[in-house]
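Here is the structure we will look at, set down as structure tokens.
The values are calculated or read from the model by the stated rules, or taken from the named source; none is laboratory data. Nothing here was measured: the structure is a model prediction, and the numbers come from that model. Reconstructed Cβ throughout: ideal geometry from the backbone, glycine too, with neighbour counts over all protein chains shown. With ligands, DNA and RNA removed, areas are computed over all heavy atoms of the protein, side chains included. Shrake-Rupley method; radii C 1.70, N 1.55, O 1.52, S 1.80 Å.
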Amino acid sequence: MTNGTVNQSKSPLEILIIGAGFAGLGMGITLKKAGITSFKIYEKANNLGGTWHHNTYPGCGCDVPSFLYSYSFAPKSDWTRDYPKQKEILTYLEDCAEEYEITRHIHLNTEISEAVFNEKETIWNVSTSSGEQLQANIVISACGQLNNPKIANIKGRETFQGTQFHSARWNHNYDFNGKTVGVIGTGASAVQFLPVIAQQVKKLIVFHRSANWVIPKSDRQLTEFDHWLFRTFPFLMTLYRWSVYLYFESLLVTINLQKDGIAGKIAAIWLNNYRESRVKDERLKEVLRPKEPVLCKRFLLSSNYYETLQLPNVEVIDQPIDKITENAIATTDGKEHEIDALIWATGFQSTKFLSSLKIVGPHQKSLHETWENGPQAYKGIVVPDFPNFFMLYGPNTNLGSNSIVFMLECQANYIRSCIEMMQEQGITNLKVKPETNTEFNEKLQESAEKTVWMNNCSSWYKNEDGKLTNNWPYSSVRYWFATRKADRNDFICS
Ligand code: NAP
């Protein structure tokens, strides 16, 4: 049936959520707060937390202050510092799951591998990687953009005889004492663990490809008095949250969204001066000088990264890597840098959305086949021809600055409003109109051209063809406005 002539659904819609990180948990809580309890969350790991469960490297933490990088509906007055470490963020998520009674909805150690839509029965047939068969009316992917570690395709990597691991799968059994350790990559993960392991190893060799802009981090430890203030006067917490939000939003609007903006140029002067004042060695000054506009890739937040790279036991190699041998990394100048262990800090397969999941729509076409020209979705949430399927942290919903939790809450609210619309109007099959999706994405890509990310720099925000697949090219306020409520006119309903 088409718009307006639908059956009244009697039983609640069964909802299956994939992933129990910030996105999946927030989705569950949002549904529960709306009185919708017919959902299950499937998580492949042995604990909830998503990124905050998997990333346990030394120094791991968030580069957005937790007063903002937390759910708006679950403020926490006693964060130990502005930028808490991974364990504290994971504990926060575990506490939220307990407080909102989400734990009993979560099925751990269960990896969803495939979901196939049966149009006749308007049901998703879902398989787990262990062969279990499940069914749901609605499937919500909450897998994130940064969940599949990327190991750079460098010749000879399988011949290396020492220990090697990715930063997001840290080997806590490895004893760094007295070892020479090579690190490939100098992104947001590396700047957090390099200062820690530099204190433990005999020698640290950092393989550096391109320089990022480094913003000094002012990470205040919060006192008992701060906690008392926030607990006693919760509006102060809200005020603080908003001030952090406005700071990041101003970066987004004045620098990220302006390809050649004045604010970016001013920021470059400030950050160049900062780097010049911290780096003494002339060669290193040149190596660490970013060649690309500010915020073209993700900024790095650190007040001890430059200091670390100048320690006597740290060497920065800027020659391109040629190959990996049994015991060394060889660079194109013919040198072999012997190492005992190799850490891949080479990021994630960010543009291969939902890469470990096979989602098949009614026309037997998979989501990945649909996305052969690059992933895209309406508001980053719904895709034509994939009925009753929603995504959190989908294409073009990442922010270059500001908190992703804000975006996740917007998406959860939007999906909740879609589900309420389905239940209230008896819709059993909801899919976004293809023309609505096309128009939305054409405008989005036009706007993307005006952003700093579309300068000539490599970043995980774009796919191999240079299409902006990950970031939202407008303000976060605009995203909030776009996702306040589902509009039935955007959908084909039956
Ligand atoms: P990343 O930012 O993608 O950095 C990957 C690094 O590996 C870059 O320095 C890259 O060099 C280098 N690289 C990749 N392939 C290489 C190759 N073949 N040879 C040499 N170098 C190579 O990854 P990440 O540091 O894991 O961070 C990813 C994202 O995760 C961040 O941007 C951030 O959004 C998120 N994150 C957040 C936090 C947080 O505090 N919230 C912490 C960690 C990570 P090029 O720059 O030259 O490509």
| query | How many residues are assigned to a strand (DSSP E or B), of a type outside the set (G, A, S) and open to solvent by less than 20 Å² (accessible area, probe 1.4 Å) if we restrict to the stretch 126-146? | reply | 5
| L251: part of a helix (DSSP H, G or I), in contact (Cβ under 8 Å) with a residue 60 or more places away in the chain and crowded, with 16+ Cβ neighbours inside 10 Å, yes or no? | yes
| task | Find the residue count for the stretch 315-343, including only residues that are part of a strand (DSSP E or B), charged (D, E, K, R) and under 22 Å from R169 (Cβ atoms). | result | 0
| task | For the stretch 70-110, enumerate the residues that are in contact with a strand residue (DSSP E or B) (Cβ under 6 Å, 6 or more places away or on another chain) and open to solvent by 50 Å² or more (accessible area, probe 1.4 Å). | result | R81, K85, H107
| On the given criteria, is F117 open to solvent by less than 30 Å² (accessible area, probe 1.4 Å) and among the aromatic types (F, W, Y)? | yes
| note | In the set T397, T469, the lone residue that is under 25 Å from P75 (Cα atoms), open to solvent by less than 10 Å² (accessible area, probe 1.4 Å) and of a type in the set (S, T, Y) is T397
| request: Return the only residue of I154, I123 being closer than 30 Å to L194 by Cβ and either of a type in the set (V, I, T) or open to solvent by less than 50 Å² (accessible area, probe 1.4 Å) (or both). | output: I154
| request: Among the helices (runs of 4 or more DSSP H) lying completely within the stretch 398-494, list those that include at least 2 residues that are under 30 Å from K291 (Cβ atoms). | output: 404-425, 434-448
| Inter-residue pairs, beta-carbon under 8 Å, first under 19 Å from V183 (Cβ atoms) and in the stretch 51-66, second open to solvent by 30 Å² or more (accessible area, probe 1.4 Å) and near the ligand (Cβ under 7 Å from one of its atoms), 6+ apart | D63/A188
| field | Filtered residues of the stretch 179-229 (kept if β-branched (V, I, T) and outside any strand (DSSP E or B)) | value | T186, V191, V196, I197, T223
| remark: Taking the stretch 338-377 and keeping residues within 16 Å of the ligand (Cβ to nearest atom) and open to solvent by 20 Å² or more (accessible area, probe 1.4 Å) leaves T346, G347, F348, Q349, T351, K352, S355
| Candidates L68, L90, filtered to the one that is within 16 Å of the ligand (Cβ to nearest atom), hydrophobic (A, V, I, L, M, F, W, C) and in a loop (DSSP other than H, G, I, E, B) | L68
| note | Subset of the stretch 188-212, residues farther than 30 Å from D78 by Cα, in contact with a Lys or Arg (Cβ under 8 Å, 6 or more places away or on another chain) and either within 12 Å of the ligand (Cβ to nearest atom) or among the β-branched types (V, I, T) (or both), comes to V201, S210, A211, N212
| said: Which pairs turn up if I take residues in the stretch 312-328 that are over 19 Å from F160 (Cβ atoms) and look for partners that are open to solvent by less than 70 Å² (accessible area, probe 1.4 Å) and within 11 Å of the ligand (Cβ to nearest atom) with beta carbon separation below 6 Å, at least 6 apart in sequence or on another chain? | reply: V316/V206; V316/H208; D318/H208
| query | Does the stretch 22-61 hold any residues that are closer than 24 Å to N413 by Cα, within 14 Å of the ligand (Cβ to nearest atom) and either open to solvent by 10 Å² or more (accessible area, probe 1.4 Å) or not in a loop (DSSP other than H, G, I, E, B) (or both), and which are they? | reply | F22, G50, T51, W52
| Test: E307 is acidic (D, E) and away from the ligand (no atom under 15 Å from the Cβ) | yes
| request: Using the structure shown, decide if F386 is at pLDDT 95 or above, assigned to a strand (DSSP E or B) and surrounded by 24 or more Cβ atoms within 10 Å (Cβ to Cβ). | output: no
| remark: Within the stretch 159-187, residues in contact (Cβ under 8 Å) with a residue 40 or more places away in the chain, more than 16 Å from the ligand (Cβ to nearest atom) and of a type in the set (D, E, K, R) come out as K179
| remark: Within the stretch 147-168, residues out of contact with any Leu (no Cβ under 6 Å at 6 or more places or on another chain) and in a strand (DSSP E or B) come out as P149, T163, F165, H166
| For the stretch 38-49, how many residues are in contact with a helix residue (DSSP H, G or I) (Cβ under 8 Å, 6 or more places away or on another chain) and either under 14 Å from E88 (Cα atoms) or free of Cβ contacts under 8 Å to residues at least 40 places away in the same chain (or both)? | 2
| Close pairs from the stretch 267-285: first within 18 Å of T308 (Cβ to Cβ), partner among the β-branched types (V, I, T), Cβ under 6 Å, at least 6 apart | K285/V279
